[in-house]
Amino acid sequence: MNSEVKHICCIGAGYVGGPTMAVIADRCPHIQVNVVDLNKKRISEWNNSDLSKLPIYEPGLEEIVKRCRGKNLHFSTEIETYISTADMIFISVNTPIKQKGLGAGQTSDLKWIEASARQISKHAKGKTIVVEKSTLPVKTAKVIKDILEGSNREMDPNERKSFSVLSNPEFLAEGTAINDLERPDRVLIGGDNKESIEALAKIYSHWIEPEKILRTNLWSSELSKLTANAFLAQRISSINSVSAICESTGANIKEVAKAIGMDSRIGGKFLKAGPGFGGSCFKKDILNLVYICNFYGLNEVAQYWQKVVDINIWQQNRIAKIVVQKLFGTLSEKKLAILGFTFKANTNDTRESPAISICKDLLDEGCNLAIFDPKVSSKKVEDDLKTKQSKGVKQNDMNFGSWRLSKTIEEAAKDADALLILTDWDLFKNIEWKEIAKLMREPSWLFDTRGITDKETVQSFGINFWSIGDGS
Ligand code: NAD
Ligand code: UGA
């Protein structure tokens, strides 16, 4: 294998491929990094001269793209060309849950992985290191190897290509992706070809301490990624389950989280109760783990992890119920302001956002929603809520409630009966409650599902207050 990597190709210019390759290009000026995607719109957005229009919003990303784009960082739809010139190819395509067929609703749909492997198999030249960056079910590296080797068997022995497959899962979180990539807790490389492993480790060693670069076998690497996400999600389901106990008993979830988090064995991170975890990965990765467990006959283990997802669905569902109960059992003709639609702050990503299921539940109750989010477009909300447009007001398919996108918090709050904070954006922490109270219809309510507002301040302006896990 060629250990000096000079040309990288990354298939998939998404939330992982884009930022990850931008940081590699920034830290390794001697490597040409080509990010390719079949989505022409996405690539043209990556090439937009107005950096505020990049397809992905991540703090710090614009500056890096500004420094590297056109020098050693390129975004293109010429997939075949850049596969053929690469020494190392990252596969960073989407791996969503399968919608149909065997394993539907449980395991990842690997059709984009398979398509990528076939493209590589066909167009790569000479020796190529293929790196799994996408999160994949354990043993997928074998599938990729089989596809890559398949084409070789049909070739003239003199023209045969040589492939080596590595697993290098990504642990970045959206909203902090650049920091996570520049200062990761660890980098994980799984493989069985030492030279290839070292070639990839050498790239990371340009900015990451050697002791943080772990080397494992392929299956440990693939499984560690699923397990890391399962553990993180499990913490959120644990704290969310306790938030409900707090509400019933008079305890306060922030006090409980602090008290348990100060035990160094538990630790204080990832203990914020909320409306349930969202994002494209936690649910899918746990379901993958569940599927693998069932496949190997580990049914009790599968049930254990399934409960993490079940509690998350329950947590999302109970929010709308609480709102209905507090607003006299009916939302019909009432206006509710939704503050935040993304699954967390500092991203424009709405995939699996708890806001989607909560808004749908509220729309089913017949209310009018005014949705405000600093980074989400009307088109995205429309896609997520699957609504039809009629005369500027979007109604859901059942012709029940309706929703509009608001440009400001004030516009959303005007004449609203209740405000729901669903995303922990910083600007919701600094709301002028005195002004908002004047705009709302009385009796007004704030439902803070993120626990980011001050109860006494909000109540002092006559707004009724409910916050996640606040039983006092
Ligand atoms: P994404 O949907 O944002 O991006 C994937 C891109 O791949 C899309 O733009 C799509 O058009 C492109 N693509 C698919 N098939 C292709 C093909 N054959 N040729 C060229 N382009 C192709 O997805 P993402 O959020 O970047 O996630 C990618 C992977 O990384 C997933 O497996 C995910 O589980 C994992 N992951 C995601 C995150 C995250 O924060 N989003 C973090 C860690 C790991
Ligand atoms: C998560 C992991 O944190 C990353 O390490 C992983 O690489 C990534 O998934 C992935 O594989 O896709 P991400 O989903 O981007 O990253 O964001 P998180 O910060 O983990 O938040 C996930 C969800 O949990 C959000 O909805 C967030 O609001 C919620 N959350 C998080 C809480 O409700 N409470 C917390 O204490 C932390």
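The values are calculated or read from the model by the stated rules, or taken from the named source; none is laboratory data. Only a predicted model underlies this, so the values are computations on that prediction, with no experimental measurement involved. Note that we place each Cβ from the backbone using ideal geometry, even for glycine, and neighbour counts take in every protein chain shown.
Descriptive notes on the structure:
Okay, residues lined up against (1) in contact (Cβ under 8 Å) with a residue 12 or more places away in the chain; (2) among the hydrophobic types (A, V, I, L, M, F, W, C); (3) within 18 Å of Lys133 (Cα to Cα):
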{"site": "Lys6", "(1), (2), (3)": "yes, no, no"}
{"site": "Ile11", "(1), (2), (3)": "yes, yes, yes"}
{"site": "Met21", "(1), (2), (3)": "yes, yes, yes"}
{"site": "Ile24", "(1), (2), (3)": "yes, yes, yes"}
{"site": "Val33", "(1), (2), (3)": "yes, yes, yes"}
{"site": "Asn39", "(1), (2), (3)": "yes, no, no"}
{"site": "Glu45", "(1), (2), (3)": "no, no, no"}
{"site": "Asn48", "(1), (2), (3)": "no, no, no"}
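- Check on Gln119, polar (S, T, N, Q) and farther than 16 Å from Ile11 by Cα: no
- Taken over segment 274-319, the criterion of being touching a Pro at 6+ places or on another chain (Cβ under 8 Å), within 16 Å of ligand 1 (Cβ to nearest atom) and among the aliphatic types (A, V, I, L, M) is satisfied by Ile292 alone.
- Residue tally, condition away from ligand 2 (no atom under 15 Å from the Cβ) and touching a residue at least 60 places away in the same chain (Cβ under 8 Å), over segment 255-284: 0
- Of the candidates Lys391, Lys344, Lys375, Lys334, the single residue that is surrounded by fewer than 17 Cβ atoms within 10 Å (Cβ to Cβ) and either modelled with pLDDT under 95 or not assigned by TED's automatic domain parsing to the domain that holds Asn179 (or both) is Lys391.
- Subset of segment 65-90 [crowded, with 18+ Cβ neighbours inside 10 Å and basic (Lys, Arg)]: Arg69
- Candidates in segment 207-232 are the residues that are among the polar types (S, T, N, Q) and more than 18 Å from Val131 (Cβ to Cβ); of these, the one that is nearest to ligand 2 (Cβ to nearest atom) is Asn229.
- Residue within segment 13-33 that is more than 10 Å from ligand 1 (Cβ to nearest atom), surrounded by 18 or more Cβ atoms within 10 Å (Cβ to Cβ) and over 18 Å from Leu181 (Cα atoms) present: yes
- Any hit, segment 66-88, residues being assigned to a loop (DSSP other than H, G, I, E, B), free of Cβ contacts under 8 Å to residues at least 24 places away in the same chain and out of contact with any Lys or Arg (no Cβ under 9 Å at 6 or more places or on another chain): yes
- The residues listed here are Asn48, Asn72, Asn39; of these, the one that is more than 10 Å from ligand 1 (Cβ to nearest atom) and more than 25 Å from Leu200 (Cα to Cα) is Asn48.
- Residue match in segment 352-369 (condition: part of a strand (DSSP E or B) and either at pLDDT 95 or above or in the same structural domain as Met440 (by TED's automatic domain parsing) (or both)): yes
- Scanning segment 301-310 turns up no residue that is buried (at least 17 other Cβ atoms within 10 Å of the Cβ), touching a strand residue (DSSP E or B) at 6+ places or on another chain (Cβ under 8 Å) and assigned to a helix (DSSP H, G or I).
- Residue check, Glu222 in the same structural domain as Ile313 (by TED's automatic domain parsing) and within 20 Å of Phe90 (Cα to Cα): yes
- Test: residue in segment 187-206 that is within 12 Å of ligand 2 (Cβ to nearest atom), crowded, with 18+ Cβ neighbours inside 10 Å and within 22 Å of Thr135 (Cα to Cα): yes
- Of the strands (runs of 3 or more DSSP E) entirely within segment 395-472, those holding at least 2 residues that are farther than 14 Å from Gly340 by Cα and at pLDDT 95 or above occupy 464-467.
- Residue, nearest to ligand 2 (Cβ to nearest atom), within segment 416-437, restricted to residues that are exposed (fewer than 13 other Cβ atoms within 10 Å of the Cβ) and among the charged types (D, E, K, R): Asp426
- Test set (1) buried (at least 19 other Cβ atoms within 10 Å of the Cβ); (2) touching a helix residue (DSSP H, G or I) at 6+ places or on another chain (Cβ under 8 Å) - Ser221 fails condition number: (2)
- Pick from segment 285-323, criterion more than 14 Å from ligand 2 (Cβ to nearest atom), touching a residue at least 60 places away in the same chain (Cβ under 8 Å) and of a type in the set (A, V, I, L, M, F, W, C), ranking: farthest from Cys367 (Cα to Cα): Ile292
- In segment 418-442, the residues that are outside the structural domain of Leu331 (by TED's automatic domain parsing) form no Cβ pair under 8 Å with any partner that is more than 16 Å from ligand 1 (Cβ to nearest atom), whether six or more places apart or across chains.
- Output for segment 6-50, where each listed residue is under 20 Å from the mean Cα position of the chain (by Cα), outside any helix (DSSP H, G or I) and among the charged types (D, E, K, R): Asp37
- Counting the residues of segment 91-130 that are aliphatic (A, V, I, L, M), within 16 Å of ligand 2 (Cβ to nearest atom) and either buried (at least 20 other Cβ atoms within 10 Å of the Cβ) or part of a helix (DSSP H, G or I) (or both) gives 3.
- Some residue of segment 324-331 being surrounded by fewer than 22 Cβ atoms within 10 Å (Cβ to Cβ), assigned to a helix (DSSP H, G or I) and free of Cβ contacts under 8 Å to residues at least 40 places away in the same chain: yes
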